[in-house]
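Have a look at the structure below, then the notes.
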Amino acid sequence: MKKVARFIASLGFASMMSAGCGGGDADNVKADAPKAERTRITFFAAASMTETLSAIAERYESEHPDTEIVFSFDSSGTLKTQIIDGAYCDIFMSASPKQMNQLESGNGQNDGYLLSGTRTDLLQNKVVLAVPDGNPKNIKGFDDLIKRLGEGDILLAVGNSDVPVGQYTAKLFSAYGLNPDDLYGSRTLTIGNNVKEITTQVKESVADAGIIYATDAKSAKLTAVDTAPEDAVGRVIYPVAVLKQSKHPGKAADVVQYLKNDESRKIFESVGFTVIAPSDGK
């Protein structure tokens, strides 16, 4: 009996000590409570945005630990089609206004996919002629390229007709008086499904040259021997918008706004983008 009494007394003492140290039931419940779930933002973006958006998202998440940004990088045309086919997405950023325009209009299927008032023309890029390390074929520029394509002396990497960089390339060919369809059917071109595929073909010397964006050439440490004139290809604009289907439109809009601040601007400009949207200074 004395042993039982001492055991009961020890329990009471332990309970008092626990209460005195702040270790009561309320704290146990708090310790066992599940952590708040992070808001997941799904961001579809042109492949040429891979490095810069990934760096900006890392900074955003460090400042907003309640948010997770998940990217899908591919050609703007592929991503646009996925959205139309029902893929979930909070934010879309394309490498050309064409795909954004199609989502905004809805292509006659509905009244559009973009959340009103969220579209911004954020960045401008340039189309360049990039060559592998050492420029083995000694390609001097677009004039030289076009001449040697006609001679069958060059294997050129370009984007397909559904990829913005491929569409800019087709405009460039037309400006030189060439029929893009004839070239695409020849053996002088190798086709990439997005700008990263084209860049890799040049980087690995699979192709003698490639028509890509200035930012991709810089990221891949490729030499750009020429820049396509704007009057031939038009302005290379990157629009961004929140989609109507977003389950977190407020948070998605905040992410888009973050792309316009001073720190994001520095990251974009470090790889060669020109920032169009004004900075909010944050």
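The residue that is nearest to residue 205 (Cα to Cα), counting only those in the range 144-163 that are open to solvent by 40 Å² or more (accessible area, probe 1.4 Å) and in contact (Cβ under 8 Å) with a residue 12 or more places away in the chain, is 155.
Taking the criterion of being of a type in the set (S, T, N, Q) and either open to solvent by less than 40 Å² (accessible area, probe 1.4 Å) or out of contact with any Pro (no Cβ under 9 Å at 6 or more places or on another chain) (or both), the residues of the range 175-230 that qualify are 179, 186, 188, 190, 193, 194, 199, 200, 201, 215, 219, 227. Reported count of residues in the range 38-54, each being buried (at least 16 other Cβ atoms within 10 Å of the Cβ), over 15 Å from residue 88 (Cα atoms) and not hydroxyl-bearing (Ser, Thr, Tyr), is 5. Taking the range 222-241 as the range and being out of contact with any strand residue (DSSP E or B) (no Cβ under 6 Å at 6 or more places or on another chain) and either part of a helix (DSSP H, G or I) or of a type in the set (A, V, I, L, M) (or both) as the test, the residues that pass are 230, 231, 232. Taking the criterion of being open to solvent by 20 Å² or more (accessible area, probe 1.4 Å) and in a helix (DSSP H, G or I), the residues of the range 55-72 that qualify are 55, 58, 59, 61, 62, 63.
Restricting attention to the range 205-220, the residues being more than 15 Å from residue 160 (Cβ to Cβ) and either free of Cβ contacts under 8 Å to residues at least 60 places away in the same chain or hydrophobic (A, V, I, L, M, F, W, C) (or both) number 6.
The values are calculated or read from the model by the stated rules, or taken from the named source; none is laboratory data. Just so it is clear, the structure is predicted and the values come from calculations on it, not from any experiment. Cβ: placed from backbone, ideal geometry, glycine included. Neighbour counts: every protein chain shown. Only protein heavy atoms, including side chains, enter the accessible area calculation; ligands, DNA and RNA are left aside. Shrake-Rupley method; radii C 1.70, N 1.55, O 1.52, S 1.80 Å.
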